[in-house]
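Notes for the one structure printed next.
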Amino acid sequence: MNKILIDTQSFIWFMEDNKHLPASMRTLMNDSGYQLTISMACLWEMTIKMSLSKLALSADIATIMSEAQANGFEFLFIEPAHLVTLSTLAPIHRDPFDRIMIAQAITENMPIISSDKVFEQYPVNRLWT
């Protein structure tokens, strides 16, 4: 089964049924032929933003994680190899959460669903239409 990494914004839009997620991406994310993967960095970012009142969601982080698993999402933990790749990334993008997700996508050879065009400046396959 092909694995796809989902960035934070795309994951939030999917889980919150937000209209900003293009129908093509929603269809892809609902395709049972793909294993959707969420980085722990994504969940960490959401937790921090929620605790700082910079992000309001319809559920708390525990419920979001349970719902993600119930919907078939797999969690991707940060491994030493991801940090080695991170250490080699050009300083194009300053967001630390995005940078570790980019490093994970590179290391795991996974495409990543993201609306962020800056991802294209790295050797990753960004999916967004």
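Here are a few things to note about the model shown:
- Placing R0 at 22 angstrom, the Cβ-Cβ distance between residue 95 and residue 16 gives a FRET efficiency of 0.60 after rounding to 0.05.
- Charge dipole magnitude, Cβ of K and R +1, D and E -1 - the chain, Cα centre, debye nearest 20: 280
- Fewest-first sequence of 82, 93 by Cβ atoms within 10 Å of each Cβ: 93, 82
- Interchain or long-range residues, amide H under 5 Å from residue 76's placed H: 38, 39, 40
- Note on residue 23 and residue 109: with the Förster distance fixed at 30 Å, the Cβ-Cβ geometry gives a FRET efficiency of about 0.65.
- Virtual spin-label span in nm between residue 120 and residue 75, 7 Å along Cα→Cβ: 3.4
- Sparse-neighbourhood loop sites, trypsin sites (Lys or Arg not before Pro) in the stretch 29-111 - DSSP loop, at most 12 other Cβ within 10 angstrom: 54, 94
- In this rough spin-label picture, where each label sits 7 Å from Cα along the Cβ direction, the residue 88-residue 66 distance is 4.1 nm.
- Only DSSP H runs of four or more residues enter the estimate; each adds -39500 (n - 2.57), and after division by the residues of the chain the mean residue ellipticity at 222 nm equals -13500 deg cm²/dmol.
- Matching label, Rg and Dmax of the Cα atoms in Å computed from the structure shown, candidates [x] 15.8, 51; [y] 13.7, 45; [z] 13.9, 37: [z]
- Sorted peptide list for 103-116, 67-80, criterion being average Cβ within 10 angstrom, highest first: 103-116, 67-80
- Dipole of the chain, positive direction: furthest Cα of 90, 18, 69, with charges on the beta-carbon: 90
- Using the average count of surrounding beta-carbon atoms within 10 Å as a protection proxy, the listed peptides 119-125, 31-37 rank, highest first, as 119-125, 31-37.
- The residues 28, 52, 83, when put in order of fewest to most other Cβ atoms within 10 Å, stand as 52, 83, 28.
- Part-to-part distance (alpha-carbon centres) for the stretch 12-29 and the stretch 82-121, which is given in Å: 21
- Ranking 59, 123, 106 by Cα position along the charge dipole of the chain, where only Lys, Arg, Asp and Glu carry charges on their C-beta atoms, puts 123 farthest toward the positive end.
Laboratory data are not the source of any read-out in this text; all were calculated from the coordinates shown. Here the structure is a predicted model, which means the values were calculated and not measured. Cβ coordinates were reconstructed from backbone atoms using ideal geometry, including for glycine residues, and neighbour counts include every protein chain displayed.
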